[in-house]
Amino acid sequence: MASRRTGTPRTGTRGISDELEQLLTLSRAQIDRALTDDGARDGLIELSLDEDLELREAAAAALDRGDDEHARAYEQEASAWRHTARLLRGETGSDRSARSRTA
């Protein structure tokens with residue numbers, strides 16, 4: 001299915017845009033494109049979920065090594081990526097909703 005490119009942000013995206021920018025997971029250009037191009041948004045959702053998974057795996061490995069400090073840092077970054085995916089999906093509530101690998 002081809003993505004719908006509108007060239008203009010969706011209604012009500014200013015708050016989402018600001019929140020995404022505060023997470024520091026995506027560049028301003030990526031955020032702007034995600035808000036105007038469905039295909040780009042879908043790709044960034046997938047990227048966000050991949051980053052979340054990789055960082056949670058890194059956190060688990062750090063815990064296995066007894067490195068609690070790095071494990072916490074990885075978990076915090078993973079949480080930011082989960083939140084990014086949730087915002088891009090237009091979901092509200094806990095970031096647990098973004099743990100699913102389905103887009």
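A short reminder: the numbers here are calculations on the coordinates, not readings from a lab. Keep in mind that what you see is a predicted model, and the values were worked out from it rather than measured.
Let me check against my output: what whole-number percent is the relative contact order of segment 14-89, with C-alpha pairs under 8 Å and at least 6 apart? Walk me through the numbers before you get to the answer.
On the way: 68 pairs, mean separation 26.2, N = 76.
It rounds to 35 percent for segment 14-89.
Kirkwood Rh, segment 41-96, all Cα pairs: how many Å?
Details: mean 1/r = 0.0876 Å⁻¹.
When all Cα pairs of segment 41-96 are included, the Kirkwood radius is 11.4 Å.
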